[in-house]
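Q: For reference, the structure I am asking about is given below.
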Amino acid sequence: MSTPRTQGAKAVEGPGLGRAHGPHLSQAGDTGSSASPGASAGRDSRRMKLFVGILLCSLVLGVSSQRWLTFLKEAGQGTKDMWRAYSDMREANYIGADKYFHARGNHDAAQRGPGGAWAAKVISDARENSQRVTDFFSHRSSGHGAQDSKADQAANEWGRSGKDPNHFRPAGLPRKY
């Protein structure tokens, strides 16, 4: 393993340790760019490993003393419940029904057990956070501001806590949903 080298105020790390942003010293000692096709793949690989590690740690912490297979089964079923609520929301295309479908998906998933509740929380949080990131990078608003995001999260929590999702059901929404 090599040790970090410095140039100016930025640390530049050697092979296998990642690299800092900005210019760095090449092997010949001059300043230059080392961007190569392999460098991008290496960073993507590290990001994927980090993502998988965080996911596994979250799973381990969420499992407690529950048996793994039961937890995973519940998580899978909860994921299907969340997908069904999302699909129904898209199909209904009913103004004002957003919070109802948030609460219903989380409620149905949480009823599966700890694995379903964990899946509902992870999916709900990822959905809200992805919307913020998308808005940031597209330099426009999806119409999903901070206040609406908080209301969505409140509906998510309402459903996960076992409360009746019909509290958010808008008048006139077809009984099918």
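Q: Where does each of 70-78, 96-104, 166-174 land if you order them by average Cβ count within 10 Å, highest first? Could the numbers behind the result be given before it?
A: Working: 70-78: 19.0, 96-104: 22.4, 166-174: 12.8.
Result, highest mean first: 96-104, 70-78, 166-174.
Q: Below 12 angstrom from the Cβ of GLY116, what's the summed charge of the other residues (Lys, Arg +1; Asp, Glu -1)? Let's see the in-between values first.
A: Numbers: positive: LYS73, LYS80, ARG112, LYS121, ARG160; negative: GLU74, ASP81, ASP108.
Charge balance near GLY116 sits at +2.
Q: At a 10 Å Cβ-Cβ cut-off, how would you order MET48, MET82, MET89, fewest neighbours first? Could the numbers behind the result be given before it?
A: On the way: MET48 10, MET82 25, MET89 18.
Listed from fewest to most nearby Cβ atoms, that is MET48, MET89, MET82.
Q: Using a Förster distance of 41 Å, how high is the FRET efficiency between PHE137 and THR70, based on the Cβ-Cβ distance and rounded to 0.05? Write out the running numbers ahead of the final one.
A: Details: r = 39 Å, r/R0 = 0.95.
It comes to 0.60.
Q: For the pairs LYS73/LYS163; LYS49/LYS150; LYS99/LYS176; LYS99/LYS121; LYS80/LYS176; LYS80/LYS121, flag any whose C-alpha to C-alpha distance is greater than 20 Å. List each step's numbers first, then the result.
A: Working: LYS73/LYS163 23 Å; LYS49/LYS150 31 Å; LYS99/LYS176 17 Å; LYS99/LYS121 15 Å; LYS80/LYS176 18 Å; LYS80/LYS121 14 Å.
Those over the limit are LYS73/LYS163; LYS49/LYS150.
All of the numbers you see were taken from the coordinates with simple rules; none came from a lab. Everything quoted here is computed from the prediction, not taken from an experiment. Every residue, glycine among them, receives a Cβ derived from its backbone with ideal geometry; neighbour counts consider all protein chains shown.
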